[in-house]
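Here's the structure we're looking at; comments come further down.
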Amino acid sequence: MNNSNLLHGEYKIPNGKLVVIDLKVIEGRLQEVSLSGDFFMEPPETLDVLNAAITGLPIDSSPEFIKKTIEDSINPEVTMYGLTVDGIVTVIQRAVACRNK
């Protein structure tokens, strides 16, 4: 695997925090996903759930599909501070857009 498979995206959520994603594309799918930033969530284990939900998505997934996948993975009792599902979708799209440059 070469560095062209490494993708990075950043997004400052309006009135929120910075969200960052690093991932690889392997055989057309998002792999080794690492979501980070200066946001918080309760319970903190939700970050692992989010990374797992994003892992394996096809690189050409629509924003609507990504959003539904993330929403379906999150327990309704999760609280996110400075982070939104739409913000996660945006940072994924930014990372994937870098691949096409």
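Odds and ends about this structure:
- Qualifying residue in region 8-16 (condition: over 19 Å from Lys67 (Cβ atoms), among the polar types (S, T, N, Q) and touching a residue at least 40 places away in the same chain (Cβ under 8 Å)): no
- Evaluation of Ile21 against the conditions (1) over 11 Å from the mean Cα position of the chain (by Cα); (2) part of a strand (DSSP E or B) shows that the sole unmet condition is (1).
- Residue ID - farthest from Ile26 (Cα to Cα), chosen from residues in region 48-91 that are in contact with a Phe, Trp or Tyr (Cβ under 9 Å, 6 or more places away or on another chain), aliphatic (A, V, I, L, M) and assigned to a helix (DSSP H, G or I): Ile88
- Which numbered condition Leu30 misses (of (1) surrounded by fewer than 17 Cβ atoms within 10 Å (Cβ to Cβ); (2) hydrophobic (A, V, I, L, M, F, W, C); (3) in a strand (DSSP E or B)): (1)
Read-outs: derived from the displayed coordinates by stated rules, not from any lab. Just so it is clear, the structure is predicted and the values come from calculations on it, not from any experiment. Note that we place each Cβ from the backbone using ideal geometry, even for glycine, and neighbour counts take in every protein chain shown.
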